[in-house]
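Below is one structure; the comments refer to it alone.
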Amino acid sequence: MTIIIIKFLHFLALFAAGGIGVGGAVVQSTYIKEGKIPEPHLGKAFRILGFVGLISIATLWITGMILAQSLYGGYSINTAFTVKIIGAAIVLIGSCISNFHVYKSFKNQSPPNPKLMKMMMSLGRFGLILALGGAAAAFL
């Protein structure tokens, strides 16, 4: 029963992180293309979504480690799983940098650096491709 609950939390976090990632990227890229700064209330929503996304990614890591240990006896499952972990690490690092930068920008009442945010979005997409591709190949 514990494994089912952990898997449920893992998939719930995947759903939340994925939705936030896709939705946030669409809205942010629209603002970047238009060369505009989001209104203050939308900026606040972005910060909240970024934090929820970061919590979701952390939940994915925690539940994933528990599942790997419980089901496979560790993290050396196969090469594809290692690629998945590298991709997930890239996503986590990018999310942490983005969240810290947005928080710092809000605190200084200045807009986030669009070049940095675009780079973090690209980094996140690359990490996501590695993580999803690795997961698809790891658990055949």
Practice task
Would you please state which residues of segment 88-125 a label at Tyr72 would reach in this model, taking the label point 7 Å out along Cα→Cβ and a backbone N cut-off of under 14 Å?
Solution key: 88-89
Exercise for the section: Hey, could you get me the Stokes-Einstein D for the chain, Kirkwood radius over alpha-carbon pairs, 25 °C and 0.890 mPa s, rounded to whole µm² s⁻¹? Expected result: 154 µm²/s
Problem - Fewest-first sequence of Ser29, Ser56 by Cβ atoms within 10 Å of each Cβ - result: Ser29, Ser56
Practice task
Could you please rank Met117, Met1, Met65, placing first whichever residue has the fewest other Cβ atoms within 10 Å of its Cβ?
Solution key: Met1, Met65, Met117
Exercise for the section: Would you work out the charge dipole size for segment 2-138 about its Cα centre, treating the Cβ of every Lys and Arg as +1 and the Cβ of every Asp and Glu as -1, and quote it to the nearest 20 debye? Expected result: 300 debye
Exercise for the section: Take the cross-link list Lys44/Lys118; Lys84/Lys118; Lys44/Lys84; Lys84/Lys115; Lys33/Lys107; Lys33/Lys104 and give me the ones stretching past 29 Å between alpha-carbons. Expected result: Lys44/Lys84
Practice task
Please give the calculated 222 nm ellipticity per residue for the chain, where each DSSP H segment of at least 4 residues contributes -39500 (n - 2.57) and the sum is spread over every residue; nearest 500 deg cm²/dmol?
Solution key: -31000 deg cm²/dmol
Exercise for the section: Work out which chymotrypsin sites (Phe, Trp or Tyr not before Pro) in the chain are exposed loop sites (DSSP not H, G, I, E or B, at most 14 other Cβ within 10 Å) and give the longest gap free of them. Expected result: 1-74
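Taken together, the values in this text are just the output of simple stated rules run on the coordinates, not laboratory data. Every value quoted in this text rests on a predicted model; they were computed, and no experiment measured them. Here Cβ is always computed from backbone atoms with ideal geometry, including for glycine, and neighbour counts include all displayed protein chains.
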